[in-house]
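S.K.: Got a structure for you, questions after.
The values are calculated or read from the model by the stated rules, or taken from the named source; none is laboratory data. In this text the structure is predicted, and so the values were computed from the model without any measurement. Positions of Cβ are backbone-derived with ideal geometry, glycine not excepted, and every protein chain shown enters the neighbour counts.
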Amino acid sequence: MPNPKQKTAVPASRQATRDGANAKPRPRPRRPARTAYTRAEIAEIFRRFSVQRPEPKGELEHVNSFTLLVAVVLSAQATDAGVNKATRALFAVADTPQKMLALGEEEVGRHIRTIGLWRNKAKNVIALSQALIDRFGGEVPGDRDALVTLPGVGRKTANVVLNMSFGQPTMAVDTHIFRIGNRLKLAPGKTPEEVEATLVRIIPDEYMRHAHHWLILHGRYVCKARKPDCPACVIADICKAAEKTTDIPAPLVPIVPEEAAQ
């Protein structure tokens, strides 16, 4: 005889009805990917980068925070060299939101027509100039949430501006950093946001200020997309990339800043 105090299991069909016909199991929160390196190895990687490039610089030419913001917006799906060639004359006549707005969309487009997607980018440059004047008194805000409200400005662009103009320890994950994060197993991730979160978490505080540029330059000139130049790599002995070709690191000497001319 069944015990009246004993609870009877609810059939799965009835449970689904009670919870709603479209009820779905809640997805488990995704755990952040783990780096393949120890804290000591990560510190040594960035120590070497700091010796190799003590004062790394971005390669987009600009004269102030506003022109940097415009240059980064224009650099989407374009090379830094191509953007620099187009913006030298533009920034000579329009280095503030007010001057850019006065120049007008058609004239901005004329200056940047050698850059991919130039028509849409010209519209964004004029729109973000207007937004800066209307909402921020013509000044570039030093806040990510404010920056990403501007036309053509996403998280990566905001992080570049915050890092270069305001000295904030941000990590702008471009194609180079995304590739390195995964190839080296330094910060594995399926999205730039995942790679960014891991890098911000694992990089020692004393190296965060320049880490963005170190990784970009390493990816651009050494750990190249088509074929990494492992003999030129100063972290070859630490690197855990499956395709690396040597365990012998390159000599750790400061690099003469010639790269900007390439």
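S.K.: Please determine whether any residue of the range 106-124 is at pLDDT 95 or above, loosely packed, with under 14 Cβ neighbours inside 10 Å, in a loop (DSSP other than H, G, I, E, B) and of a type in the set (Asp, Glu).
M.R.: Checking the range 106-124: not a single residue is at pLDDT 95 or above, loosely packed, with under 14 Cβ neighbours inside 10 Å, in a loop (DSSP other than H, G, I, E, B) and of a type in the set (Asp, Glu).
S.K.: Something else now. Farther than 22 Å from residue 219 by Cβ, part of a loop (DSSP other than H, G, I, E, B) and within 15 Å of the chain's Cα centre (by Cα), is that true of residue 153?
M.R.: Taking the combined requirement at face value, the residue satisfies it.
S.K.: Filter the range 237-257 down to residues that are free of Cβ contacts under 8 Å to residues at least 40 places away in the same chain, in contact with a Pro (Cβ under 8 Å, 6 or more places away or on another chain) and not basic (Lys, Arg) and give me whichever is surrounded by the most Cβ atoms within 10 Å (Cβ to Cβ).
M.R.: Within the range 237-257, the match that is surrounded by the most Cβ atoms within 10 Å (Cβ to Cβ) is 250.
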